[in-house]
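Asks: One structure coming up, written as structure tokens, with questions to follow.
The values are calculated or read from the model by the stated rules, or taken from the named source; none is laboratory data. Nothing here was measured: the structure is a model prediction, and the numbers come from that model. Note that each Cβ is placed from the backbone with ideal geometry, even for glycine, and that neighbours are counted across all protein chains shown. Note: accessible area is taken over every heavy atom of the protein model, side chains too, but ligands, DNA and RNA are not part of it. Shrake-Rupley method; radii C 1.70, N 1.55, O 1.52, S 1.80 Å.
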Amino acid sequence: MNYAVILAGGVGSRFWPFSRELEPKQFMQVAGDKTLMQATISRLQHIVNPANTYIITNQIYLNEVKKEIEKFRIPEKNIILEPEGKNTAPAIGLCARLIGKKDKDATLIILPSDHYIKDLNKFKDSLRQAILCSRVGFLVTIGIKPKNPSTGYGYIKVGYKMQGLKYNYYMVDKFLEKPSLDKAKRYFHDRRFFWNSGMFIWRASVFLNEVKLYLPKLYSQLMSINSLEDIDRVWHKITSVSVDYGIMEHSEKIALIPANFYWTDLGSWDALNEILPKDAKGNIIQADSIDLDSRNIYVFGRGNRLISTIGLKDLIIADTADALLICNKDKAQEVKKIVEQLKSSKRKEQFVHLTEKRHWGSYTVLREASGFKIKLIEIDPKKSLSLQRHKHRAEHWVVVSGIAQVKSIDGVKIVKSNQSVYIPKGTKHRLSNRTNKPLKIVEVQTGNYLGEDDIERFEY
């Protein structure tokens, strides 16, 4: 039977400042009305039953993943959580182990959650060919014919061409890491080289046998995992290693199916060049913007301010409420270096937006200074915050729109638009939206410490 394994633990740092550690690019709407992750799931229709679709992700993304899969009838038990990121070989191996215990003949379709693909019928045809190829014992990958000498992708060199009953494929000679520009130019002009898409299809048992051969320590660790409850016990002992480095660079049974559909991994801002509409001067403008005589610029805005540009050329501008990126297009791959500096400096702009998503909705920090913080809290219909209290702060809530239900020491109170309620420091309380409409509240916090970790939870 066919199973999908969707890898959803990446950070997408080259899409900063839109992508942050707590809101990576797989949860972003880049093109169309679906997030990248939702689009990935949708592409599997008629290939994999939703009940056989598994998501592997980091624990910090659990609530976001739950929201992403609500419309797809994917059981919550199919979310596999890594206590910490250990790269792709352990992640895929874990899924192969757990699904293989359930179905010894399982065929796994491993897909990153942040790719953009057009020509869906051709994509599905490629998957069907890869599934047939995998059933005769190959580790199968989908190869992308290079459109330019990119240094942002790994490459695959193929050997001789084979012909199956219903498919053509190449035997893989070797996997190659991201090259220098000179090497990329040579690869681009050589028909034997493909981009490594990161999409793989293989039988779970075949893959685990390759893990046993090339990563024996990881294999023994995976074999000691018999259920989700065992992951925490084992995971901290596992060494981080990519599936490319650990398996694909060594295995002698790899086949490649050439893609005949449009694909990009949206690895950086310049990848949007091919998928978003441009004006007559080659500009992509997705912001409240006024431009005079600029050419080939990309302007993206998530803030509430006007972006004005004059006479610019070949620039990327990405604006959010708390961070602004301006870079030359040919430096788009280097945005990751900015994120590394933010991380080493422990700046919050690397980690989170001013608007943070929660399983119940979101909140936005409007203003913060010594002794106070002001937030806009938005609670989705039929959602509630946890029963909680704070040791260091008091809270004053003003309902902007909707109807709030507030549980506190005074019992349960209904608070309507233009009404307010005060929650003293140290008081247990719960805020709920029992209606079918969104609830918006302005929260004013006061106290000597206003960190998000000043929460003692009693019930979720």
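Asks: Are there GluC sites (Glu not before Pro) in the stretch 58-148 that DSSP puts in a loop and that have at most 15 other Cβ atoms within 10 Å, and which ones?
Replies: Details: sites: GLU64, GLU68, GLU70, GLU76, GLU84; in loops: GLU84.
Of the GluC sites (Glu not before Pro), the ones in loops of the stretch 58-148 whose Cβ has at most 15 other Cβ atoms within 10 Å are GLU84.
Asks: Assuming 0.36 nm per residue, please report the length gained on full extension of the stretch LYS237 to TYR449 beyond their Cα-Cα distance. Mind showing how you got there, number by number?
Replies: On the way: separation 212, 0.36 × 212 = 76.32 nm, distance 3.68 nm.
Residue separation times 0.36 nm, minus the Cα-Cα distance, leaves 72.6 nm.
Asks: Still on this structure: Let me check I've understood the local charge: for ILE131, count other residues with C-beta under 14 angstrom from its C-beta, Lys and Arg +1, Asp and Glu -1. What total comes out? Please report the intermediate quantities before stating the final value.
Replies: Working: positive: LYS124, ARG128, ARG135, LYS166, ARG203; negative: ASP105, ASP125.
Net local charge, ILE131 excluded: +3.
Asks: Taking the full set of protein chains and a 1.4 angstrom probe, give the accessible area of LEU450 in square angstrom, rounded to the nearest 10.
Replies: Per-residue accessible area (LEU450): approximately 20 Å².
Asks: So which GluC sites (Glu not before Pro) in the stretch 245-282 end up in coil per DSSP with only 10 or fewer other C-beta atoms within 10 Å?
Replies: Numbers: sites: GLU249, GLU252, GLU274; in loops: GLU249, GLU252.
Qualifying residues, ordered by number: GLU252.
Asks: Add -39500 (n - 2.57) for each DSSP H run of 4 or more in the chain, then divide by its residues: what number comes out at 222 nm, to the nearest 500 deg cm²/dmol?
Replies: On the way: 10 runs with 91 residues, N = 460.
Mean residue ellipticity at 222 nm (helix-derived): -5500 deg cm²/dmol.
Asks: From Cα pairs below 8 angstrom and at least 6 apart in sequence, can you work out the relative contact order of the stretch 381-437, rounded to a whole percent? Let's see the in-between values first.
Replies: Details: 124 pairs, mean separation 28.7, N = 57.
Relative contact order comes out at 50 percent.
Asks: Grab the Cα-Cα distance for LYS253 and ILE47, subtract it from 0.36 nm times how many residues apart they are, and report the gain in nm with one decimal. Each step should come with its number before you reach the end.
Replies: Numbers: separation 206, 0.36 × 206 = 74.16 nm, distance 2.41 nm.
Stretched fully, the LYS253-ILE47 segment lengthens by 71.7 nm.
Asks: On to the next question. Go through (i) 18; (ii) 10; (iii) 22 and flag the label whose value is the computed percent of Cα pairs over 43 Å apart for this structure.
Replies: So the calculated entry is the one marked (iii).
Asks: How large is the dipole of the stretch 202-275 about the Cα centre if only Lys and Arg carry +1 and Asp and Glu carry -1, each at its Cβ, rounded to the nearest 20 debye?
Replies: Working: 6 positive and 10 negative charges, 90 e Å.
Rounded to the nearest 20 debye, it is 440 debye.
Asks: For the stretch 171-230, what ratio Rg/Rh do Cα atoms give with a Kirkwood hydrodynamic radius? Walk me through the numbers before you get to the answer.
Replies: Details: Rg = 17.0 Å, Rh = 14.7 Å.
Answer for the stretch 171-230: 1.15.
Asks: On to the next question. If I ignore ligands, DNA and RNA and count only protein heavy atoms, how much of LEU81 is accessible to a 1.4 Å probe, in Å² to the nearest 10?
Replies: We get 40 Å² for LEU81.
Asks: Taking 7 Å along the Cα-to-C-beta vector as the label spot, tell me the GLN405-SER345 distance in nanometres, rounded to one decimal.
Replies: 4.6
Asks: Sticking with this one: Looking at the stretch 58-87, which trypsin sites (Lys or Arg not before Pro) are DSSP coil and have at most 15 other C-beta atoms within 10 Å of their C-beta?
Replies: The qualifying sites are ARG73.
Asks: Once a ≥ b ≥ c are taken as the square roots of the eigenvalues of the Cα gyration tensor of the stretch 166-300, is the result rounded (a/c under 1.5), prolate (a/b larger than b/c) or oblate (a/b not larger than b/c)? Could the numbers behind the result be given before it?
Replies: Values: a/c = 2.80, a/b = 1.75, b/c = 1.59.
It is prolate, given that a/c is not under 1.5 and a/b is the larger ratio.
Asks: For a label point 7 Å from the Cα of LYS147 along Cα→C-beta, name the residues of the stretch 1-40 whose backbone N is under 15 Å from it.
Replies: Answer for this model: 31.
Asks: If you place +1 on the Cβ of every Lys and Arg, -1 on the Cβ of every Asp and Glu, and leave all else neutral, what size is the dipole of the stretch 65-188 about its Cα centre, to the nearest 20 Debye?
Replies: On the way: 25 positive and 13 negative charges, 70 e Å.
In total the dipole reaches around 340 debye.
Asks: Determine the dipole magnitude for the stretch 2-142: charges of +1 sit on the beta-carbon of Lys and Arg, -1 on that of Asp and Glu, nothing else is charged, the reference point is the Cα centre, and the result goes in debye to the nearest 20. Mind showing how you got there, number by number?
Replies: Values: 20 positive and 14 negative charges, 73 e Å.
Dipole about the Cα centre, nearest 20: 360 debye.
Asks: Further, regarding this structure: Does the stretch 15-133 classify as rounded, prolate or oblate by the C-alpha gyration tensor (a ≥ b ≥ c root eigenvalues; a/c under 1.5 gives rounded; else a/b over b/c gives prolate, otherwise oblate)?
Replies: Values: a/c = 1.66, a/b = 1.13, b/c = 1.46.
Oblate.
Asks: Right, here's the next one. Could you compute how much accessible surface HIS250 exposes when probed at 1.4 Å, giving the result in Å² to the nearest 10?
Replies: Accessible area, nearest 10 Å²: 90 Å².
Asks: Using the Cα gyration tensor of the stretch 322-460, with a ≥ b ≥ c the square roots of its eigenvalues, what is the shape: rounded (a/c below 1.5), prolate (a/b larger than b/c) or oblate (neither)? Please report the intermediate quantities before stating the final value.
Replies: Numbers: a/c = 2.51, a/b = 1.87, b/c = 1.34.
Prolate is the answer for the stretch 322-460, as a/c is 1.5 or above and a/b outweighs b/c.
Asks: To the nearest 0.05, what FRET efficiency results for MET162 and ASN328 with a Förster distance of 30 Å applied to their C-beta separation?
Replies: 0.10
Asks: Here is a further query. Roughly to the nearest percent, how much of the accessible area of the stretch 58-117 is carbon and sulfur, given a 1.4 Å probe? Please list the in-between numbers first.
Replies: Working: 1100 of 2430 Å².
In the stretch 58-117, the share of accessible area belonging to carbon and sulfur is 45 percent.
Asks: Over the chain, give the accessible area per residue in Å² for a 1.4 Å probe, as an integer. Don't jump to the answer; show the numbers that get you there.
Replies: Details: 22400 Å² over 460 residues.
Per-residue accessible area for the chain comes out at 49 Å².
Asks: Now a separate question. Multiply the residue separation of SER227 and LEU181 by 0.36 nm, subtract the distance between their alpha-carbon atoms, and state the gained length in nm to one decimal. Show your work: numbers first, answer last.
Replies: Numbers: separation 46, 0.36 × 46 = 16.56 nm, distance 4.51 nm.
So the chain would gain 12.1 nm between SER227 and LEU181.
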